[in-house]
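The values are calculated or read from the model by the stated rules, or taken from the named source; none is laboratory data. Computed from a prediction, not measured in an experiment: that's the story for all the values here. Backbone-built Cβ (ideal geometry, glycine too); neighbour counts: all protein chains shown. Heads up: the accessible areas ignore ligands, DNA and RNA and are worked out on the full protein's heavy atoms, side chains in. Shrake-Rupley method; radii C 1.70, N 1.55, O 1.52, S 1.80 Å.
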Amino acid sequence: MKRILQLGAISIANLASMILFQWLLITKLGASVESDALFAAMTIPQLFASVIAASLTSIVAPLLTGENSAEQRVDAWSLIAITSAIFTGMTILLILLAPWWTGWIAPGFSVSAKALLLHYSRINILVIIFAGFNAIQIGLAYARNQFQWVEFSAFIANLIAILLALFFVRDGDGILASWILVARAVLTSILLLKVTDAPARPDFSRPFIKQAWSKLRPVLIGGSYYKMDPVVDRILLSSLPAGSLSLFYIAQQILSAGSQVFAKVIATPTITKLAYAFKSGDETEYSRIYRHNMVLILGLSMCGLIAGIGFIYLLLPYFESVGNFSVADAQYIVMILTLAGGMMVAGAGGSLVAGAYYARGDTKTPTIIGSISFTIGIGLKIVTFRLFGLEGLAIGVSIYYTTSLILQGLYLRRRNGVSPAS
């Protein structure tokens, strides 16, 4: 219990520092064309992080679990060597093709906003190289039960990014803000070297490489589709007045960060336990662990959402004159948090149910169900956005995440006799 509380405290501190960094950027830039372009420029790196990086971590951790330290080190560095070459090539290609894809993700932007988006994107895209590296480092850390250092590394990187933004970013300076985002990713990779050990000579003949690729392939094929959720949101939001995309982005980041805290504190350690139970053939223990932690993660995330919204609401009077950020902007964010709250609660639960599949070596099922949910979600978002604008999009986000959680949970129960509640 003490370890869980410590991990929770570090995760919350990491969450607070990440939100503070995002908030600091918008106070420097304001809810404006510049901030819209900067946050839209983060779309592809974020898509990469959710589709490839997060999948790598979820797959690598269970595969490395149970190996001795020497085997873990060789396997991790072998995969790092492969992925680093691939991700570097992808980054170069994306920089060259930036004039094409930047226009695609924000078709409603003005000519000046599109020019800023192109410039910021060519800087932000460098994050991809380090995000892939981080994913494997984190997977190795999870396999070794070193969850706290992962959170602490991100926390330190966020603090340094905050200081850089606070003292060096001037009003409207989206270029320096973009470089700080890249520096944060680099610093995180450096700090995580502590759990990766010294580089090992790659051995591409190791069975781990083939196993990782066989499990990653269906996730990439399906995940590249259903995890394009942020792209759909940016396309729709680009047609709204300047600043709307920025405020919606900040609200989503708060909800996503909250979901990640509960996922890291509860879901991630639980997935490791589920992998052990499954490998030992103890289905009863597997089901008990899953049911208990699903109730825990849903209950705590709901309480966290309510407390977070209430806390921000109490702070509204203090936003009167904070940089280029206003009380009206803060009120708008509170409204989005309330309507899109399902993203945090169902998102946290979804990380556990997806991890329950991964612990069994099944990466196909959550991918297929995620694709079905996303297809339904696209239609719902478009309809609700056309009817109610930004507020409708927020409602559509909640429905999408909730639908995905319910479908994955029902199928897991039906196929394996595992239910989300005891």
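Quick notes
- Candidates ALA40, ALA9, ALA53, filtered to the one that is on the phi < 0 side of the Ramachandran plot and free of Cβ contacts under 8 Å to residues at least 24 places away in the same chain: ALA9
- Filter result (hydrophobic (A, V, I, L, M, F, W, C) and modelled with pLDDT of 90 or more) within region 251-265: ALA251, LEU255
- Residue count for region 205-228, restricted to those that are open to solvent by less than 10 Å² (accessible area, probe 1.4 Å) and at pLDDT 70 or above: 2.
- Selection of region 385-400 for residues being in a helix (DSSP H, G or I) and either touching a residue at least 24 places away in the same chain (Cβ under 8 Å) or within 12 Å of ASP233 (Cα to Cα) (or both) yields PHE385, LEU390, GLU391, GLY392, LEU393, ALA394, ILE395, GLY396, VAL397, SER398, ILE399, TYR400.
- Tally, over region 6-27, of residues that are closer than 18 Å to THR188 by Cα and not β-branched (Val, Ile, Thr): 11
- When GLY355, GLY389 are screened for being surrounded by fewer than 18 Cβ atoms within 10 Å (Cβ to Cβ) and not basic (Lys, Arg), only GLY389 passes.
- Of the residues making up region 151-208, those that are among the charged types (D, E, K, R), outside any loop (DSSP other than H, G, I, E, B) and closer than 22 Å to ALA61 by Cβ are GLU151, LYS194.
- Selected residue [closer than 30 Å to ALA359 by Cα and crowded, with 20+ Cβ neighbours inside 10 Å] from ILE138, ILE190, ILE125: ILE138
- Of all residues in region 95-122 being touching a helix residue (DSSP H, G or I) at 6+ places or on another chain (Cβ under 9 Å) and aromatic (Phe, Trp, Tyr), the one that is surrounded by the fewest Cβ atoms within 10 Å (Cβ to Cβ): TRP104
- A single member of MET302, MET343, MET335 is part of a helix (DSSP H, G or I) and either under 30 Å from ASP173 (Cα atoms) or polar (S, T, N, Q) (or both), and it is MET335.
- In region 287-298, the residues that are open to solvent by less than 30 Å² (accessible area, probe 1.4 Å) and either without any contact (Cβ under 8 Å) to a residue 12 or more places away in the chain or of a type outside the set (S, T, N, Q) (or both): ILE289, TYR290, MET294, ILE297
- Residues of region 370-379 satisfying the condition of being open to solvent by 20 Å² or more (accessible area, probe 1.4 Å) and under 22 Å from the mean Cα position of the chain (by Cα): SER371, ILE372, THR375, ILE376, ILE378
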